[in-house]
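Peer 1: Sharing a structure here in structure tokens format.
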Amino acid sequence: MQIPDLVKQVEKSLAVIWTAIAALVLFPGSLNAQCRLCASDSALASPASKTAADREIPLRIEITANLNFSRLALMDRSGGEIRIDPMTGHKRISGNIADLGGMSLHGEGRLQGEPGRYVRVQLPERISLSAPNGSTAELVKLKTNLPAQSRLDQQGQLTFTFGGSLKVSGDTAGQFRGRIAITADYE
């Protein structure tokens, strides 16, 4: 090989190296590959090939008001039930329970997510409540004010209310607390 041929070969190699360096400097994000065997499927997919589920805004639930049955007293051991309507917030008492006053409230929540998407909100069928003294009560028949097909507004929000029935019996007494596991999903 002669010297002019060697110089041309070196110039070609340098041109390839400079092109690779320029690509690294100008497009660092697109060249962050590890080995393709270790990369996750989402890392290998191009932005155009990602599904709608990969791009959707996660749904968030915020409880803005807790469900509150107010102050009540059992008149005897037979117990009773207190129902808070999810639409109106009105309280109805059945059984041997006395209303001691105070304000009862239906619960309120707000969903935030992808504008215009249909959502499904689910409440548990029953929740066991407990008081610090060890007494228990049961929260049942939980419902929301939402129609069967609920949709987030143009800002990606949906406000809802919820209510249910508190069942008490025996010598139950105390301030009852519990967590309502409300779930929401896109349809």
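Peer 1: For segment 76-95, does any single residue satisfy the condition of being touching a Leu at 6+ places or on another chain (Cβ under 6 Å) and exposed (fewer than 12 other Cβ atoms within 10 Å of the Cβ)?
Peer 2: no
Peer 1: Follow-up question, since we're still on this one. Given (1) touching a residue at least 60 places away in the same chain (Cβ under 8 Å); (2) part of a loop (DSSP other than H, G, I, E, B), identify the lone condition not met by residue 58.
Peer 2: The single condition residue 58 does not satisfy is (1).
Peer 1: Now, a different point. For residue 184, indicate whether it is free of Cβ contacts under 8 Å to residues at least 60 places away in the same chain and in a strand (DSSP E or B).
Peer 2: Judged against the criteria, residue 184 is not a match.
Peer 1: Which of the following residues is loosely packed, with under 15 Cβ neighbours inside 10 Å and touching a Leu at 6+ places or on another chain (Cβ under 9 Å): 142, 100, 105?
Peer 2: None of the other options fit; the residue is 100.
Peer 1: Follow-up. Taking segment 107-134 as the region of interest, how many residues are in a loop (DSSP other than H, G, I, E, B), modelled with pLDDT under 95 and farther than 13 Å from residue 182 by Cα?
Peer 2: Total meeting the criteria: 4.
Peer 1: Being among the acidic types (Asp, Glu) and part of a strand (DSSP E or B) is the filter; apply it to segment 63-106 and report the residue that is nearest to residue 167 (Cα to Cα).
Peer 2: Only one residue fits best here, namely 81.
Peer 1: Take the conditions outside any loop (DSSP other than H, G, I, E, B) and modelled with pLDDT under 90 and apply them to residue 137. Does it pass?
Peer 2: no
Peer 1: Determine if segment 172-182 includes at least one residue that is under 22 Å from residue 110 (Cβ atoms), hydrophobic (A, V, I, L, M, F, W, C), touching a Lys or Arg at 6+ places or on another chain (Cβ under 8 Å) and assigned by TED's automatic domain parsing to the domain that holds residue 75.
Peer 2: Within segment 172-182 (the criterion being under 22 Å from residue 110 (Cβ atoms), hydrophobic (A, V, I, L, M, F, W, C), touching a Lys or Arg at 6+ places or on another chain (Cβ under 8 Å) and assigned by TED's automatic domain parsing to the domain that holds residue 75), the answer is no, since none of the residues qualifies.
Peer 1: Still on this structure, please answer the following. Could you tell me how many of the residues in segment 82-130 are under 16 Å from residue 174 (Cα atoms) and more than 30 Å from the chain's Cα centre (by Cα)?
Peer 2: The number of residues fulfilling the criteria is 6.
Peer 1: May I pose another question? May I ask you to list pairs of residues, at least six apart or on different chains, whose Cβ atoms are under 6 Å apart, with the first in segment 129-147 being within 21 Å of residue 61 (Cβ to Cβ) and without any contact (Cβ under 8 Å) to a residue 60 or more places away in the chain and the second being aliphatic (A, V, I, L, M) and surrounded by fewer than 16 Cβ atoms within 10 Å (Cβ to Cβ)?
Peer 2: Listed by first residue and then by second, the contacts come to 145/87.
Peer 1: How many residues are buried (at least 17 other Cβ atoms within 10 Å of the Cβ) and in a strand (DSSP E or B) when one looks only at segment 148-181?
Peer 2: 11
The values are calculated or read from the model by the stated rules, or taken from the named source; none is laboratory data. Fair warning: this is a prediction, and the values are worked out from it, not measured in the lab. Neighbour counts run over all protein chains shown; Cβ positions are idealised from the backbone, glycine included.
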